[in-house]
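The structure appears right after this line, and notes come after that.
The values are calculated or read from the model by the stated rules, or taken from the named source; none is laboratory data. Fair warning: this is a prediction, and the values are worked out from it, not measured in the lab. Positions of Cβ are backbone-derived with ideal geometry, glycine not excepted, and every protein chain shown enters the neighbour counts. Heads up: the accessible areas ignore ligands, DNA and RNA and are worked out on the full protein's heavy atoms, side chains in. Shrake-Rupley method; radii C 1.70, N 1.55, O 1.52, S 1.80 Å.
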Amino acid sequence: MAEPVPAHVSPDRVADIDVYAPPGQAEDYHAAWADLQAKLPSLVWTPRNEGHWIALGGEVLAEVQSDYERFSNRIIVIPKSVGEHHHLIPTTIDPPDHRPYRKLLNDNLLPSAIRGLRESIRDTAADLIEGFQADGHCNFTTEYAQIFPIRIFLALVDMPESDAPMIRHWALCMTRPDMDMSFEDAKAAFYEYVAPVVRERSANPGDDMISKMLDADMGGRKLGFEESLSLVTQVLIAGVDTVVNFLGYAMLAIAQDSDLRRALVEHPQGTIATVHELFRRFGLVTIAREVRNDIEFHGVQLKAGEMVCIPTVVHGIDPAQNEDPMKIDPMRKRSPHSTFGSGPHMCPGQELARNEVAITIEEWLKRIPEFRVAPDSDLTNDGGIVASVRKLCLEWETR
């Protein structure tokens with residue numbers, strides 16, 4: 001339902017956009033946002049989803065995302081009435097209060113810690129790929145993307161892999177519109193699920209990430225029970241959704257670009273640069289910030305309590321930020337983007353994500369150097385807080 005446009009919003013700043021279904025999204029999520037960006041001002045108001053601002057310019061988005069003194073993380077989900085129920089930590093806490101919680105995540109996801117996981121990540125990737133290599137075909141979405149990063153993450157937090165479908169379903173209900181559970185019910189299911197885990201690992205900590213967070217010193221205290229439920233739920237949601245969906249976009253791009261694919265086969269040392277470029281090109285998270293006080297911002301009046309949506313995709317594909325932004329160019333010297341966020345809430349799992357994607361590409365191309373998109377794919381793009389390709393199937397010649 002569309003809301004009335006507030007009196008302080010200039011008519012030339014109004015655009016009827018559903019951020020979870022922009023025009024053309026089903027065909028190409030990123031092109032849909034690029035089209036809006038090309039046609040509209042860098043900051044617009046939409047009457048959809050209870051009415052809110054949308055940052056369409058890369059510079060504007062980066063500023064909103066990083067400036068917690070003007071734009072609060074208190075609510076990060078649109079519509080605001082749904083976001084009011086989020087309250088997961090540390091994503092909905094502003095500095096300086098969020099810092100002790102953020103440190104718990106940082107300490108467990110440091111580059112040094114991830115380096116120690118690389119061989120197990122590589123073994124997992126190789127095992128999955130070799131499971132279908134001889135078939136000449138796979139449903140990449142279900143046979144790899146929905147298994148690989150989740151298996152790695154659940155091992156990191158010592159949760160049973162058999163619970164992965166259930167955990168992912170609840171995460172989808174909290175990040176997609178029109179699911180079979182409400183945001184509040186999915187959050188409640190998460191809390192019920194993690195409560196016995198929190199109790200057990202608080203009493204008998206192990207060597208897993210959850211135990212380490214629960215046992216950590218928080219300035220003379222440990223996490224309380226409700227804090228623990230919130231933090232563990234946030235960690236599980238982050239661990240089972242974003243990399244799954246990003247892998248679909250990354251492998252689709254490589255399958256469709258023979259020059260890029262062959263360059264990676266011939267020069268595998270270029271994989272890391274390619275991964276950086278793929279993350280620049282394929283932002284996929286749409287969240288928001290709440291305006292703290294009445295301010296003038298990039299030529300518009302913002303009122304306290306209003307929401308500003310920040311679809312992270314628009315930073316990396318803004319031609320004012322990156323020349324020829326829709327092109328995948330691993331030789332790009334400077335490539336600002338917001339795929340991992342920016343500022344105090346920059347994604348703590350980015351090192352793990354980069355390694356998972358790089359190792360996937362390396363291990364795949366060692367075994368399957370030539371492949372293409374299979375005709376039984378469904379390349380429809382689905383929106384939500386995290387965008388995705390519905391079903392990517394790949395095929396290749398077997399020896």
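Worth a mention:
- Leading residue by the ranking (farthest from Ser202 (Cα to Cα)) among those in segment 152-190 that are of a type in the set (S, T, N, Q) and either in a loop (DSSP other than H, G, I, E, B) or out of contact with any strand residue (DSSP E or B) (no Cβ under 6 Å at 6 or more places or on another chain) (or both): Ser182
- Of all residues in segment 214-228, those that are acidic (Asp, Glu) have Cβ atoms under 7 Å from Cβ atoms of residues that are buried (at least 16 other Cβ atoms within 10 Å of the Cβ), 6 or more apart or on another chain, in Glu227/Ile89.
- Meets criteria (closer than 23 Å to Cys347 by Cα and touching a Pro at 6+ places or on another chain (Cβ under 9 Å)) for Val244: yes
- If you go through segment 1-34 and pick out every residue that is part of a loop (DSSP other than H, G, I, E, B) and hydroxyl-bearing (Ser, Thr, Tyr), you end up with 2.
- Filter result for the condition that a residue is over 17 Å from Glu356 (Cβ atoms) and among the hydroxyl-bearing types (Ser, Thr, Tyr), over Ser81, Ser120: Ser81
- Wholly enclosed helices (runs of 4 or more DSSP H) of segment 79-151 bearing at least 2 residues closer than 26 Å to Pro311 by Cα and either of a type in the set (Asp, Glu) or open to solvent by less than 60 Å² (accessible area, probe 1.4 Å) (or both): 80-83, 99-108
- Contacts under 6 angstrom Cβ, first residue in segment 117-135 being at negative phi, partner among the charged types (D, E, K, R) and assigned to a helix (DSSP H, G or I), 6 or more apart: Thr124/Arg151; Ala125/Glu363; Ala126/Glu363; Ile129/Glu363; Ile129/Arg367; Phe132/Glu143; Gln133/Arg367
- Cβ-Cβ contacts under 6 Å between residues 6 or more apart (or on different chains), taken from a first residue in segment 92-114 that is more than 15 Å from Gly343 (Cβ to Cβ) to a second residue that is open to solvent by 60 Å² or more (accessible area, probe 1.4 Å), are listed as Asn108/Lys212.
- Residue in segment 156-173 that is touching a Gly at 6+ places or on another chain (Cβ under 9 Å) and at positive phi present: yes
- Count of segment 239-262 residues, restricted to those that are touching a Cys at 6+ places or on another chain (Cβ under 9 Å) and more than 30 Å from Cys173 (Cβ to Cβ), is 0.
- Close pairs from segment 41-53: first in contact (Cβ under 8 Å) with a residue 12 or more places away in the chain, partner crowded, with 23+ Cβ neighbours inside 10 Å and among the small types (Gly, Ala, Ser), Cβ under 9 Å, at least 6 apart: Ser42/Ala55; Ser42/Gly58; Leu43/Ala55; Val44/Ala55; His52/Ala288; Trp53/Ala288
- Among the residues of segment 334-374, just one is of a type in the set (Phe, Trp, Tyr) and within 30 Å of Tyr68 (Cα to Cα), namely Phe340.
Rundown of residues vs (1) within 18 Å of Val44 (Cα to Cα); (2) in contact (Cβ under 8 Å) with a residue 24 or more places away in the chain; (3) among the acidic types (Asp, Glu); (4) open to solvent by 50 Å² or more (accessible area, probe 1.4 Å), yes/no style:
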{"site": "Arg281", "(1), (2), (3), (4)": "no, yes, no, no"}
{"site": "Asp294", "(1), (2), (3), (4)": "yes, no, yes, yes"}
{"site": "His298", "(1), (2), (3), (4)": "yes, yes, no, yes"}
{"site": "Gln301", "(1), (2), (3), (4)": "yes, yes, no, yes"}
{"site": "Ile310", "(1), (2), (3), (4)": "yes, yes, no, no"}
{"site": "Val314", "(1), (2), (3), (4)": "yes, yes, no, no"}
{"site": "Lys333", "(1), (2), (3), (4)": "no, no, no, yes"}
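- Tabulated pairs, segment 246-265, first modelled with pLDDT of 95 or more, second surrounded by fewer than 17 Cβ atoms within 10 Å (Cβ to Cβ) and hydrophobic (A, V, I, L, M, F, W, C), C-beta under 9 angstrom, 6+ apart or interchain: Leu252/Val373; Leu252/Leu379; Ala255/Val373; Gln256/Val373
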